[in-house]
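Note sheet for the following structure.
The values are calculated or read from the model by the stated rules, or taken from the named source; none is laboratory data. Not measured: the values here are computed from a predicted model. Glycine gets a Cβ as well: all are built from the backbone with ideal geometry, and neighbour counts include every protein chain shown.
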Amino acid sequence: MWRVYLEPAALRMLVLGFGAGMPFILIYGTLPFRLREAGVGLAAIGFISWVVLLYPFKWVWAPLVDRIALPLLTRRFGHRLAWLLLAQCGIAAGLLLMALVDPRQQLTLMIACALLTAFAGATQDVALDAYRIEVARTEQQAALAAMYHSGYRLGMIWGGAGALWLAARAAQGAVDYHPQAWTTAYAVMAASMIASVLVAAWAPEGRAAELPPSAPARELTLAQRVAALLAPFQDLLHRWGWYALLVFGLISSYRLANLLMGVMANPFYHDIGFTKDQVAAVSKIYGVVLSLVGGFVGGVLTLRVGIRPVMWGAALVSSASILLYALLATRGPDITLLIVAVSTDNFAEGIAGTVFIAYLSGLTNRNYSATQYAFLSSSALLLPKIVAGFSGVAVESFGYAAFFCGCALTGILPLTLMWAVGRFVPDQRFSKR
């Protein structure tokens, strides 16, 4: 079982996952820390986090990624990899622009650059998820999901701890906001996309279905074009029927607790008194390493005992671990308690991330893999990201301890929906591989 992680497809997914995780954390985690250090208020940081709503809405343009061939690139690299390379270049450009902008004088421009990076990152996710689904059989999806998730977490280490470490070194001991230090950090992050670009350029194309329709676009009627765009969603509704309400409820709430608290995590570390080096070492390196371990364990557990039992256990432990952050809020900068909280949270999140990717992959139809997976994974992010936008207001109103307790309580919802899906939804409704 463990040897599957050494196969070429799995190793490629590790590097490509790295290129997906790094830009996301630079927007979702590192940017709030940078903005807080620059003097931006918590409420504003919470609302700025809505930039990542482009990820939940990636299904809107996913049909274009499914259907449209890119001039020159598609002929040279294949359909999925052409889109993947284009998106990777967009990410590098967006991060480089973020490196050059000072949010103290140009906050609006910084938000615009973050939007560009998020749009390119979301497009990369669409192409990469489709490629991952098409490059392997159903029984291999858990292993590829584990490697993708591990690469994603490695990218988060580099985009989180790496960026903080680089900024701290470039600041040369300065305590206040140092714009040149952040310029250096984000420029290095932009250059770090080269590894994923090289892997995508040399990777083999997946076993995708023939792109319909075969007729040139100019010969299609408007009704035919609309039907082609709607076909992936019609397929889901035809297979699922009214059961879609329960499944979408589960998908949209499964990661609610941790994504809700994630926006305020870095401002919390700053406000409670931890230094950048402490946050980088514990939260961004040690914690993410525990997440990597959890990801591999999740892949093996999924192969051995199945998806649903693993989803249950991971969701329960992941939500309960947030209470440790509430305790930390009452204790001050206790490094030992921070290590315990981060370890428990990240290990459970690693397992949950792997099994959830495998679960969503099994729901898709290979003929519409890009659009359907983008839609399903977007549903997992939409509700948490919308609610997370108000997290800064919640912290300012109730304090960090109460906020983290509230986040933990939201974990009851996915546990309830998992029971309902297991009790009422027949499995044969969802298999279309």
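Read through the list (1) hydroxyl-bearing (Ser, Thr, Tyr); (2) under 14 Å from the mean Cα position of the chain (by Cα); (3) farther than 17 Å from Ser391 by Cβ, then give the number of the only condition that Thr74 fails.
Only one criterion is unmet by Thr74, namely (2).
Which condition number does Phe248 fail, the rest of (1) within 20 Å of Ser377 (Cα to Cα); (2) modelled with pLDDT under 85 being met?
Just one mismatch for Phe248, condition (2).
So which of Leu31, Leu53 is assigned to a helix (DSSP H, G or I), aliphatic (A, V, I, L, M), surrounded by fewer than 24 Cβ atoms within 10 Å (Cβ to Cβ) and under 20 Å from the mean Cα position of the chain (by Cα)?
So the residue among Leu31, Leu53 that is assigned to a helix (DSSP H, G or I), aliphatic (A, V, I, L, M), surrounded by fewer than 24 Cβ atoms within 10 Å (Cβ to Cβ) and under 20 Å from the mean Cα position of the chain (by Cα) is Leu53.
Looking at (1) free of Cβ contacts under 8 Å to residues at least 60 places away in the same chain; (2) closer than 24 Å to Ile25 by Cα, which is the one condition that is false for Phe398?
Unmet for Phe398, out of (1) free of Cβ contacts under 8 Å to residues at least 60 places away in the same chain; (2) closer than 24 Å to Ile25 by Cα: (2).
Just checking, how many residues over region 74-91 are outside any loop (DSSP other than H, G, I, E, B), out of contact with any Phe, Trp or Tyr (no Cβ under 8 Å at 6 or more places or on another chain) and surrounded by fewer than 22 Cβ atoms within 10 Å (Cβ to Cβ)?
Of the residues in region 74-91, 6 are outside any loop (DSSP other than H, G, I, E, B), out of contact with any Phe, Trp or Tyr (no Cβ under 8 Å at 6 or more places or on another chain) and surrounded by fewer than 22 Cβ atoms within 10 Å (Cβ to Cβ).
Of all helices (runs of 4 or more DSSP H) completely enclosed by region 140-238, which ones contain at least 3 residues that are modelled with pLDDT of 80 or more and farther than 21 Å from Leu86 by Cβ?
141-157, 163-170, 179-191
Under 7 Å between Cβ atoms, at least 6 apart or on separate chains: pull out the pairs that start in region 271-299 with a residue that is among the charged types (D, E, K, R) and end on any residue that is surrounded by 19 or more Cβ atoms within 10 Å (Cβ to Cβ).
Hits for this filter: Lys276/Leu164; Lys276/Ala167; Lys276/Ala168; Asp277/Ala168; Lys284/Ile157; Lys284/Gly160; Lys284/Ala161; Lys284/Leu164.
Given the conditions (1) assigned to a helix (DSSP H, G or I); (2) in contact (Cβ under 8 Å) with a residue 24 or more places away in the chain, report the number of the one that Pro103 does not fulfil.
Only one criterion is unmet by Pro103, namely (1).
Inside region 99-110, can you point out the residues that are under 14 Å from Gln180 (Cβ atoms) and either surrounded by 18 or more Cβ atoms within 10 Å (Cβ to Cβ) or hydrophobic (A, V, I, L, M, F, W, C) (or both)?
If the condition is that a residue be under 14 Å from Gln180 (Cβ atoms) and either surrounded by 18 or more Cβ atoms within 10 Å (Cβ to Cβ) or hydrophobic (A, V, I, L, M, F, W, C) (or both), then Ala99, Leu100, Val101, Pro103 are the ones that fit.
So which residues in region 319-344 are in a loop (DSSP other than H, G, I, E, B) and over 18 Å from Ala257 (Cα atoms), if there are any at all?
Gly332, Pro333, Asp334
Determine if region 38-50 includes at least one residue that is polar (S, T, N, Q) and either within 23 Å of the chain's Cα centre (by Cα) or under 30 Å from Phe390 (Cα atoms) (or both). It would help to see each step written out before you state the result.
Of region 38-50, the ones polar (S, T, N, Q) are 49.
Checking the rest, the ones that are also either within 23 Å of the chain's Cα centre (by Cα) or under 30 Å from Phe390 (Cα atoms) (or both) come to 49.
There is at least one residue in region 38-50 that is polar (S, T, N, Q) and either within 23 Å of the chain's Cα centre (by Cα) or under 30 Å from Phe390 (Cα atoms) (or both).
Wholly within region 250-315, which helices (runs of 4 or more DSSP H) include no fewer than the required count, namely at least 1 residues that are closer than 29 Å to Leu363 by Cα and of a type outside the set (Val, Ile, Thr)?
Values: elements: 256-272, 276-279, 287-305.
In region 250-315, 256-272, 287-305 are the helices (runs of 4 or more DSSP H) which contain 1 or more residues that are closer than 29 Å to Leu363 by Cα and of a type outside the set (Val, Ile, Thr).
So which residues in region 322-347 are within 24 Å of Gly295 (Cα to Cα) and in contact (Cβ under 8 Å) with a residue 40 or more places away in the chain?
Ile322, Leu323, Tyr325, Leu338, Ile339, Val342, Ser343, Asp345, Asn346, Phe347
Tell me which of these Asp129 doesn't satisfy, since it passes every other one: (1) more than 13 Å from the chain's Cα centre (by Cα); (2) part of a helix (DSSP H, G or I); (3) at pLDDT below 90.
(1)
Just to check your reading of the model, which residue among Val297, Val282, Val310, Val288 is surrounded by 16 or more Cβ atoms within 10 Å (Cβ to Cβ), touching a Lys or Arg at 6+ places or on another chain (Cβ under 7 Å), on the phi < 0 side of the Ramachandran plot and not hydroxyl-bearing (Ser, Thr, Tyr)?
Val288 is the lone residue from the list that is surrounded by 16 or more Cβ atoms within 10 Å (Cβ to Cβ), touching a Lys or Arg at 6+ places or on another chain (Cβ under 7 Å), on the phi < 0 side of the Ramachandran plot and not hydroxyl-bearing (Ser, Thr, Tyr).
Would you confirm whether or not region 160-173 contains a residue that is among the aromatic types (Phe, Trp, Tyr) and closer than 25 Å to Leu301 by Cα?
no
Residues of region 267-310 being modelled with pLDDT of 85 or more, in contact with a Leu (Cβ under 8 Å, 6 or more places away or on another chain) and of a type in the set (A, V, I, L, M, F, W, C), which ones?
Within region 267-310, Ile272, Phe274, Val310 meet the criteria.
Just to be sure I understand the filter: pairs with C-beta atoms under 7 Å, separated by 6 or more residues or on different chains, first member in region 31-45 and farther than 19 Å from Thr275 by Cβ, second member part of a loop (DSSP other than H, G, I, E, B) and not small (Gly, Ala, Ser). Which pairs pass?
These pairs meet every condition: Val40/Pro103.
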